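This report concerns only the one structure given below.
The values are calculated or read from the model by the stated rules, or taken from the named source; none is laboratory data. Because the structure is predicted, anything quoted here is derived from the model rather than measured. Glycine also receives a Cβ, built like all others from the backbone with ideal geometry; neighbour counts cover every protein chain displayed.
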């Protein structure tokens, strides 16, 4: 295998079910992650750090104690842009910039150097905050998230800001949910449990998996008078996309972190929907040297019928990634 410096990590988003139900604390989420060899920890302060963005010095002291105790690297902080704060008007750009500066301060205090910029964040906000971030050694990475594509007007606008400031200040964070080859099984099985028509659902899955245009499916379901759940799965199929992983090569100088989205690990070797073998080989070819940060998103699709075991899913995900990365201790 070609030599590389890609590392494995976890987004604590993966454990949102267990955290919400008080089955795991923030510290336990970190401990679970490190136990599978995920030494890079991506955090979501609004979900797991009560009091954010004004956290106490005691919290940060405790956080750095965990860094020393568990031996992990704080990698990225996920920010959220409150775009719809006001019902009657758009949110002023300067308000969002000031809010992003609080995210930058928090990220620096964590000892991380990356902020995940939500895909819907106006590029103007990133542009106006970039100087503040650069002075503190923080990279602002816009998430490439479905349904946004590499070849799009949205991408052009994002790249204008990135090219202005340079990839060490403003860049990109691909979410691997843009490489969905097969409609996630957990998604369409949930639709069936919710009452979707089995025959039309099978049609939706076939259209998506065969690479055909899905845009007409919702109207077709409506014209047939099918149930809301059926129309819902038709709409869902229009929101997933299957980009070519090699699209990343052109942008590699701007890519410093990967949100390694996954919906269902079938076993220790295979994710049901996303071609990790193609993705990892592309990243190695492109010289990527950041983290693959596991982001488990199957939990919300199975919680109505099954117990959620996010840790087992994350464990399987890391077993697969370790093998694909050629790690000597991979099972």
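Just one of the numbered conditions (1) surrounded by fewer than 20 Cβ atoms within 10 Å (Cβ to Cβ); (2) closer than 15 Å to residue 180 by Cα is not true of residue 273: (1).
Quick one: which helices (runs of 4 or more DSSP H) sit completely within region 19-70 and have at least 1 residues that are under 23 Å from residue 323 (Cα atoms), touching a residue at least 24 places away in the same chain (Cβ under 8 Å) and under 22 Å from the mean Cα position of the chain (by Cα)? Give the derivation first.
Working: elements: 26-35, 45-48, 57-70.
In region 19-70, the matching helices (runs of 4 or more DSSP H) lie at 26-35.
So that you can scan it fast, the table gives a plain yes or no per residue for (1) without any contact (Cβ under 8 Å) to a residue 60 or more places away in the chain; (2) within 15 Å of the chain's Cα centre (by Cα); (3) under 25 Å from residue 289 (Cβ atoms):
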| residue | (1), (2), (3) |
| --- | --- |
| 78 | no, yes, yes |
| 91 | yes, no, no |
| 123 | yes, no, no |
| 166 | yes, no, yes |
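Among residues of region 119-141 being under 19 Å from residue 175 (Cβ atoms) and touching a strand residue (DSSP E or B) at 6+ places or on another chain (Cβ under 6 Å), the one that is modelled with the lowest pLDDT is 119. Of the residues making up region 250-274, those that are at pLDDT 95 or above, over 16 Å from the mean Cα position of the chain (by Cα) and more than 26 Å from residue 74 (Cα to Cα) number 4. Among the residues of region 245-258, which ones are in contact (Cβ under 8 Å) with a residue 60 or more places away in the chain and either touching a strand residue (DSSP E or B) at 6+ places or on another chain (Cβ under 7 Å) or under 25 Å from residue 210 (Cβ atoms) (or both)? Those that are in contact (Cβ under 8 Å) with a residue 60 or more places away in the chain and either touching a strand residue (DSSP E or B) at 6+ places or on another chain (Cβ under 7 Å) or under 25 Å from residue 210 (Cβ atoms) (or both): 245, 247, 248, 251, 254, 255, 256, 257, 258. Taking the criterion of being under 22 Å from residue 159 (Cα atoms) and part of a strand (DSSP E or B), would at least one residue in region 82-89 satisfy it? The answer is no; no qualifying residue exists.
The condition (being part of a loop (DSSP other than H, G, I, E, B), over 24 Å from residue 34 (Cβ atoms) and not assigned by TED's automatic domain parsing to the domain that holds residue 205) is satisfied by just one residue among 267, 289, 304, 277: 304. Residue 261 meets the conditions (1) in contact with a strand residue (DSSP E or B) (Cβ under 7 Å, 6 or more places away or on another chain); (2) assigned to a helix (DSSP H, G or I) in every case but one. The failed one is (2). Among the residues of region 307-331, those identified as part of a helix (DSSP H, G or I), within 16 Å of residue 13 (Cβ to Cβ) and in contact with a helix residue (DSSP H, G or I) (Cβ under 7 Å, 6 or more places away or on another chain) are 310, 311, 314.
Okay, residues lined up against (1) assigned by TED's automatic domain parsing to the domain that holds residue 111; (2) in a helix (DSSP H, G or I); (3) touching a helix residue (DSSP H, G or I) at 6+ places or on another chain (Cβ under 9 Å); (4) at pLDDT 95 or above:
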{"residue": "143", "(1), (2), (3), (4)": "yes, no, no, yes"}
{"residue": "156", "(1), (2), (3), (4)": "yes, yes, no, yes"}
{"residue": "160", "(1), (2), (3), (4)": "yes, yes, yes, yes"}
{"residue": "167", "(1), (2), (3), (4)": "yes, no, yes, yes"}
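For region 170-186: of the residues being part of a helix (DSSP H, G or I) and closer than 30 Å to residue 250 by Cβ, which is farthest from the chain's Cα centre (by Cα)? The extreme case among them is 178.
Residues in region 239-251 that are surrounded by fewer than 17 Cβ atoms within 10 Å (Cβ to Cβ) and assigned to a helix (DSSP H, G or I): 239, 246, 249, 250.
Yes/no per residue for (1) modelled with pLDDT of 95 or more; (2) more than 20 Å from residue 172 (Cα to Cα):
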position	(1), (2)
52	yes, yes
62	yes, yes
68	yes, yes
72	yes, yes
75	yes, no
80	no, no
87	no, yes
102	yes, yes
